[in-house]
Amino acid sequence: MPWQVAGYETDADKPFDQGSFGTVWHGRRLTDGARVALKLVLKDHSADASERIEAERRGAMLQRSFHQAHGMVPAVFDLGYFPDGDLFIAMELIDGGALAEAIGAGPLDPHVAARHAAAICVFLEKAHSFSTTIEHDHYDRLVHADLKPGHIFARPSGEVIVLDFGIAKALDKATPLTTNNWGTSAYMSPERLLDGRVDEQVDFWSLGIILYELLAGHRPYRALHAPSLKSQLERAIRGNAPREPLPASVPPALGAVVSKLLAYQPEHRYSSATAIRADLQSCLDGATPSAFAEYDTPATSRVDQATTPMRGVRDLASDMATTSVPATDPLPAAHALSAGPGEPTLPFQVPPLPTPLPTPNSAALRQPARPARSRRRRLARVIALLFAVYLGMSEMAGCVAAERFRQAIDGIDGPGLDTAESSYRRLASTGVLHLGMHMRVDRPLLAHLRALGTRVIEDYRQDQPSLSLADWKHAQYALRWAQRIDPSDDETRATLRSTEAHILRITTRPGRSATTQAAYRRAIDRFREAARLDPDSFDPYLGISRIAVYGLAPADVDLASEAIMAAETRGYTPGRRERAQLGDGYLRRGDLLRREARTLSGQERTRALVKARADFQGCIDTFEPIVGFGLAAKNIETCKVQIVRVDEDLAEAIEKAVSW
């Protein structure tokens, strides 16, 4: 069902594009029927929701100003807010194909790729010198900060149209750098991944990745393309891991341009888009670009860094295999002492007593033997010294290995958790007192593991979470590891119980069988245990409401409503998802009641139909405020049709009752 806002109407049931910030719909302007693109940015429950909404709004204003000055971006017709805080942006609908579609067909001809890159440079030249005033704030430069093939449309004239100013940054002369952690990791520069800095160099790096992709048909780290490998990809970029070589068909001169664009140190890259375009034009003209003197080999060799690159967990595992504690042999019963250089080693023995000498006044006067107690003290001192040496060297080696592990903690991600824990166990076996573990590793590791688990729970709070079963299992692994390190933390145990409940919810096959329903009940019990362990958390109740609607048969709308209210009393703000869940609950329960009514007769049938009608009406009332969300529009129409059918069934039931 189409939805309308501020004089615009969508003409499709689904968006044609969806990004991390919002969805884009085909639409039309009601006054003249002109086709437009309607962007809808939902205000969800994430911590940075307000900041993202504001970034999109300000980005639309920058886009409008830039279009009026230079074109090269879609015109912005209108922007505003829905009553519940959602942002809409009505803009020019761009026909044609994005560079991403061309890349999907395979590598481009080097000349075509160079022309596209040169056209992007024209945009960057204008953007990086663009002066504008937005809401009384004056800016001298504009950084796009999210260039990628999907955001660039090439027209037959050779001009490019650049989309999505949602995270663009306008800078003034007094602010040479700003920070921004949004964007697409595959196109982010190493320094941006390290500290979030944003300046013109981030656009140059993104252009380098785009040009590489145009020439090769894939990004530099093709093996790390999957979303689940995002952390490994970011580690490879931060650590300047060797890239796949460009195809042999790429001219060395153009390869040198790519190498300079992707130089690890920003000072070794181009200083301006004009300089990049000049080198690209030299390549197109058959001349030698300036980059060729610096980079006359393909971009496959590792560039020395000013600092040591971040070490991954797998590197640590190999280090641990070669880092050993100096061995100390056990002390034998007859310990061997060195007699000195070049002399034979003799066994240490108790010297024999001398032969007693006869005296005239005594049968035998014995010469005193060396006291046994003194010998034991000497032996104890030797043992203590050896143990102290062993302990000191063991702890020293353990501290060195612990520091290496600590430096790699931030790089531990879901797929690498098992490897990381194996390294952790080996590290734990290197010392006696485990000082390195306790002083250097455990605290930051616990914080990181808890963050890995909590991140998934926080993602689930959004109206449209993008989570897979693998994400939940990685969170479960991280939280279980954290529990093994600190078993006394109830908050971590509560998050773990919620994670386990979600995994059980996801892996249970929907149905009405006793086994299925028992599994859903077990999941609810785990959510309730999580709520008991952490009484202030609202997350368990979000899981209960979902199972109550989509798992239990019949749908328990009352339980779902109670769970949402419980979450609200703990600080949660219900949004579209919760309304959609209740609407779906009414629809599911109403549908079940209507089908059951067919098997009943008399007053029982009438009562079932009346309840079904009330549920279908509840479905409509719940979905109408969120008509643009998910399947709200479709479900409203379904419930309207169901009400008509229920009314027909009621009329038939009443007619039969009267005839009796």
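Here are some notes:
- Taking residues in the range 116-133 that are in the same structural domain as Ala145 (by TED's automatic domain parsing) and among the basic types (Lys, Arg), and partners anywhere that are assigned to a helix (DSSP H, G or I) and surrounded by fewer than 17 Cβ atoms within 10 Å (Cβ to Cβ), the pairs with Cβ atoms closer than 7 Å and at least 6 places apart or on different chains are Lys126/His70.
- Single residue of Arg443, Arg461, Arg450, Arg480 found to be within 21 Å of Gln407 (Cα to Cα), charged (D, E, K, R) and touching a Leu at 6+ places or on another chain (Cβ under 9 Å): Arg450
- Asp621 being surrounded by 13 or more Cβ atoms within 10 Å (Cβ to Cβ), within 20 Å of Ser545 (Cα to Cα) and without any contact (Cβ under 8 Å) to a residue 12 or more places away in the chain: yes
- Any hit, the range 496-509, residues being farther than 15 Å from Arg570 by Cα, of a type in the set (D, E, K, R) and more than 23 Å from the chain's Cα centre (by Cα): yes
- Of all residues in the range 108-141, those that are assigned to a loop (DSSP other than H, G, I, E, B) and of a type in the set (D, E, K, R) total 3.
- Checking each residue in the range 373-391 for being exposed (fewer than 12 other Cβ atoms within 10 Å of the Cβ) and either modelled with pLDDT under 70 or under 46 Å from the mean Cα position of the chain (by Cα) (or both) picks out Arg373, Ala388.
- Some residue of the range 125-133 being touching a helix residue (DSSP H, G or I) at 6+ places or on another chain (Cβ under 7 Å), loosely packed, with under 15 Cβ neighbours inside 10 Å, modelled with pLDDT of 90 or more and of a type outside the set (Asp, Glu): no
- Qualifying residue in the range 241-248 (condition: over 30 Å from Pro415 (Cα atoms) and at pLDDT 90 or above): yes
- Test for Val610: is it among the β-branched types (Val, Ile, Thr), surrounded by fewer than 19 Cβ atoms within 10 Å (Cβ to Cβ) and either modelled with pLDDT under 90 or in contact with a strand residue (DSSP E or B) (Cβ under 7 Å, 6 or more places away or on another chain) (or both): no
- Residue match in the range 575-584 (condition: under 42 Å from the mean Cα position of the chain (by Cα), assigned to a loop (DSSP other than H, G, I, E, B) and not acidic (Asp, Glu)): yes
- No other residue among Ala278, Ala291, Ala236 is modelled with pLDDT of 85 or more, assigned to a helix (DSSP H, G or I), touching a helix residue (DSSP H, G or I) at 6+ places or on another chain (Cβ under 7 Å) and over 22 Å from Arg406 (Cβ atoms) apart from Ala291.
- Tally, over the range 503-538, of residues that are surrounded by 18 or more Cβ atoms within 10 Å (Cβ to Cβ) and either in a loop (DSSP other than H, G, I, E, B) or in the same structural domain as Arg588 (by TED's automatic domain parsing) (or both): 4
- Index of the failed condition, Arg598 passing every other in (1) more than 21 Å from Pro465 (Cα to Cα); (2) at pLDDT 90 or above; (3) not aliphatic (A, V, I, L, M): (2)
- Criterion (more than 22 Å from Ile457 (Cβ to Cβ), out of contact with any Asp or Glu (no Cβ under 7 Å at 6 or more places or on another chain) and surrounded by fewer than 20 Cβ atoms within 10 Å (Cβ to Cβ)) met by exactly one of Thr599, Thr569: Thr599
- Every residue from the range 589-618 that is hydrophobic (A, V, I, L, M, F, W, C) and either free of Cβ contacts under 8 Å to residues at least 40 places away in the same chain or closer than 30 Å to Gly575 by Cβ (or both): Leu592, Leu593, Leu600, Ala608, Ala612, Ala614, Phe616
- Taking the range 168-195 as the range and being surrounded by fewer than 22 Cβ atoms within 10 Å (Cβ to Cβ), modelled with pLDDT under 75 and within 22 Å of Pro227 (Cβ to Cβ) as the test, the residues that pass are Asn180, Asn181, Trp182.
- Here is the figure for the range 1-42: residues that are over 22 Å from Lys634 (Cα atoms), over 19 Å from the mean Cα position of the chain (by Cα) and either modelled with pLDDT under 75 or buried (at least 18 other Cβ atoms within 10 Å of the Cβ) (or both) total 1.
Every residue, every condition in (1) surrounded by fewer than 20 Cβ atoms within 10 Å (Cβ to Cβ); (2) hydroxyl-bearing (Ser, Thr, Tyr); (3) within 15 Å of Gly158 (Cα to Cα), yes or no:
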residue	(1), (2), (3)
Ala60	no, no, no
His67	yes, no, no
Met72	yes, no, yes
Ala75	yes, no, no
Gly85	yes, no, no
Gly96	yes, no, yes
Ala105	yes, no, no
Cys121	no, no, yes
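- Flag for Ala563 being closer than 29 Å to Thr508 by Cα and either touching a residue at least 24 places away in the same chain (Cβ under 8 Å) or in the same structural domain as Thr23 (by TED's automatic domain parsing) (or both): no
- Of the criteria (1) touching a residue at least 60 places away in the same chain (Cβ under 8 Å); (2) of a type in the set (A, V, I, L, M, F, W, C); (3) outside any helix (DSSP H, G or I), which one Leu552 fails: (1)
- Picking from residues in the range 246-256 that are touching a helix residue (DSSP H, G or I) at 6+ places or on another chain (Cβ under 9 Å) and free of Cβ contacts under 8 Å to residues at least 60 places away in the same chain, the one that is nearest to Ala102 (Cα to Cα) is Leu246.
- Failed item, numbered, when Met91 is tested on (1) surrounded by 20 or more Cβ atoms within 10 Å (Cβ to Cβ); (2) more than 28 Å from Asp463 (Cα to Cα); (3) in contact with a Pro (Cβ under 6 Å, 6 or more places away or on another chain): (2)
- Of all the numbered requirements in (1) of a type outside the set (A, V, I, L, M, F, W, C); (2) surrounded by 20 or more Cβ atoms within 10 Å (Cβ to Cβ); (3) touching a residue at least 60 places away in the same chain (Cβ under 8 Å), Tyr541 misses one, and that requirement is (3).
- Verdict on Ala566 being outside any helix (DSSP H, G or I) and of a type outside the set (D, E, K, R): no
- Some residue of the range 634-651 being out of contact with any Lys or Arg (no Cβ under 6 Å at 6 or more places or on another chain), modelled with pLDDT under 85 and crowded, with 20+ Cβ neighbours inside 10 Å: no
- Residue match in the range 77-98 (condition: under 30 Å from Ile276 (Cβ atoms), modelled with pLDDT under 90, in contact with a strand residue (DSSP E or B) (Cβ under 9 Å, 6 or more places away or on another chain) and not in a loop (DSSP other than H, G, I, E, B)): yes
The values are calculated or read from the model by the stated rules, or taken from the named source; none is laboratory data. Just so it is clear, the structure is predicted and the values come from calculations on it, not from any experiment. Reconstructed Cβ throughout: ideal geometry from the backbone, glycine too, with neighbour counts over all protein chains shown.
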